[in-house]
Amino acid sequence: MTIHSSKHQVLDSNVFADDVDKNARSSYFNLPALDISVAFPQATPASKFPPCASDYYQFDDLLTSEEQAVRMKVRECMEKEIAPIMAEYWEKAEFPFHVIPKLGALRVAGGTIKGYGCPGHSVTGAAIAIAEIARVDASCSTFILVHSSLAMLTIALCGSEEQKQKYLPSLAQLNTIACWALTEPAYGSDASALNTTATKVEGGWILEGQKRWIGNSTFADVLVIFARNTTTNQINGYLVKKDAPGLTVTKIENKIGLRIVQNGDILLKKVFVPDEDRLPGVNSFQDTSKVLAVSRVMVAWQPIGISMGVYDMCHRYLKERKQFGAPLAAFQINQQKLVQMLGNIQAMILVGWRLCKLYEKGAMTPGHASMGKSWITARARETVALGRELLGGNGILSDFLVAKAFCDIEPIYTYEGTYDINTLVTGREVTGIASFKPVALATRSRL
């Protein structure tokens, strides 16, 4: 009995010791992370955004006073309102809905659209706004681009007068949000082959199908949906309300880039759309090209803005951070990388600016837009990768912007036409030969 009692006593003692040890470990491991300014006091995090240092060739001189004013207004808002919170929301993959009124007050939604409460900016002015948003946060620029340069522009270019008056004023103020649904699970680059159908019924249309990767879709009030007319076999456009019976939208999880953007899967099961919500100006896939021509210019300015932000961050970091008794900016190899980044940005800006001017005078072709988007995103990829190298270990922390930008540039390199597809669009234009399909397959499809 005594031995048993002694063993039991020892066991209880060990259990107690284990409990104390577990509690100690638990409290140790559950401590909140140190604030980055305490953990790494030698360099300033991106929550306090660096001043712009990337306009080395004084591109600002090429802008009108109105375009310069747009740039400064957007820059001030992004640095003040978005920079302090972007890493937190990016890590959580959540959208900061509380900033929508502040973005709406910038009056950039609607971009180039004139009237209906829209700002009516020049293409250059609208592009500059996108770049300034992307400089601080790429996800916010994608949110605006999808809403403005895709959804709103489709209504402006392809909608009826009644649709423009009904939808655009509220969308311009960001009181309501829109998305643009073209891509499907089976059709990305080959979007013209989409499967979603629209069948005419009395008083409207029945939509059936599925969309994927649709930005803003999880909270959009209005969804611009493209579907194949079962009678004509042509692509038509429709405006679908968020509460339409048969409409289901779910968030795509586990993204490594543009994590703040809420991309969704859309399921359409016998969704009824009244006749007044069919876009009369979308009667074939070619009609989407009118929208994509402008949006591709805007997308080309996203990587410009991202690269500007990364350069600005690296420029400040290299002067603050010291190793071997000297600031990192004093080392030759770091200066070489920084100047390579700066040179890329000057070239990217000038290509983007020329693209805007070609559009404004009616001379821009699909090949121009595609080469601009593909070439600029490739240079941005290189620029951001150099920035990641320059920040060393801090180059993998979202606190210092560069790691976040490194991930965010990847989806931009892919969407609105992958690098390869965009080069083939330009290749077709300069050679007169389409090479999107392997020759054998293209020949077989004609038989």
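The values are calculated or read from the model by the stated rules, or taken from the named source; none is laboratory data. Just so you know, these numbers come straight off a predicted model, no measurement behind them. Quick reminder, even Gly has a Cβ in these numbers, built from the backbone with ideal geometry, and neighbours come from all protein chains shown. Only protein heavy atoms, including side chains, enter the accessible area calculation; ligands, DNA and RNA are left aside. Shrake-Rupley method; radii C 1.70, N 1.55, O 1.52, S 1.80 Å.
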*Criterion (part of a helix (DSSP H, G or I) and either of a type in the set (Val, Ile, Thr) or in contact (Cβ under 8 Å) with a residue 40 or more places away in the chain (or both)) met by exactly one of LYS357, LYS319*: LYS357
*Quick check: is even one residue across the range 251-274 more than 24 Å from LEU194 (Cβ to Cβ) and in contact with a Lys or Arg (Cβ under 6 Å, 6 or more places away or on another chain)?*
no
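When you check ASN195 against the structure, is it part of a loop (DSSP other than H, G, I, E, B), open to solvent by 20 Å² or more (accessible area, probe 1.4 Å) and more than 24 Å from LEU267 (Cβ to Cβ), yes or no?
Against the criterion (part of a loop (DSSP other than H, G, I, E, B), open to solvent by 20 Å² or more (accessible area, probe 1.4 Å) and more than 24 Å from LEU267 (Cβ to Cβ)), ASN195 does not qualify.
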*Give the range 117-166 a look and list any residue that's more than 23 Å from PHE95 (Cα to Cα), part of a helix (DSSP H, G or I) and not aliphatic (A, V, I, L, M), or say none.*
THR124, GLY125, THR154, CYS158, GLU161, GLU162, GLN163, LYS164, GLN165, LYS166
*Is there a residue being of a type in the set (Asp, Glu) and over 18 Å from the mean Cα position of the chain (by Cα) anywhere in the range 403-415?*
no
*asked:* I'd like to check something: does the range 219-226 contain any residue that is at negative phi, β-branched (Val, Ile, Thr), modelled with pLDDT of 95 or more and open to solvent by 40 Å² or more (accessible area, probe 1.4 Å)?
replied: no
*Can you tell me which of ILE266, ILE260, ILE214 is in a strand (DSSP E or B), buried (at least 24 other Cβ atoms within 10 Å of the Cβ) and under 18 Å from the mean Cα position of the chain (by Cα)?*
ILE214
*Residues in the range 303-327 that are closer than 21 Å to TYR413 by Cα and either open to solvent by 40 Å² or more (accessible area, probe 1.4 Å) or of a type in the set (A, V, I, L, M) (or both): how many?*
4
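Which of the residues belonging to the range 371-392 are among the basic types (Lys, Arg) and buried (at least 24 other Cβ atoms within 10 Å of the Cβ)?
Selection gives LYS373 alone.
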_So if I check each of LYS242, LYS290, LYS251, LYS255, which one is touching a residue at least 24 places away in the same chain (Cβ under 8 Å), charged (D, E, K, R), more than 28 Å from ALA127 (Cβ to Cβ) and surrounded by fewer than 23 Cβ atoms within 10 Å (Cβ to Cβ)?_
LYS251
*Is it true that ARG107 is part of a helix (DSSP H, G or I) and either open to solvent by 40 Å² or more (accessible area, probe 1.4 Å) or of a type in the set (D, E, K, R) (or both)?*
no
_Matching residues in the range 28-69 - criterion: being at pLDDT 95 or above, in a helix (DSSP H, G or I) and in contact with an Asp or Glu (Cβ under 8 Å, 6 or more places away or on another chain)_ = GLN68
_Count - residues of the range 70-104 that are farther than 23 Å from ALA172 by Cα and part of a helix (DSSP H, G or I)_ = 7
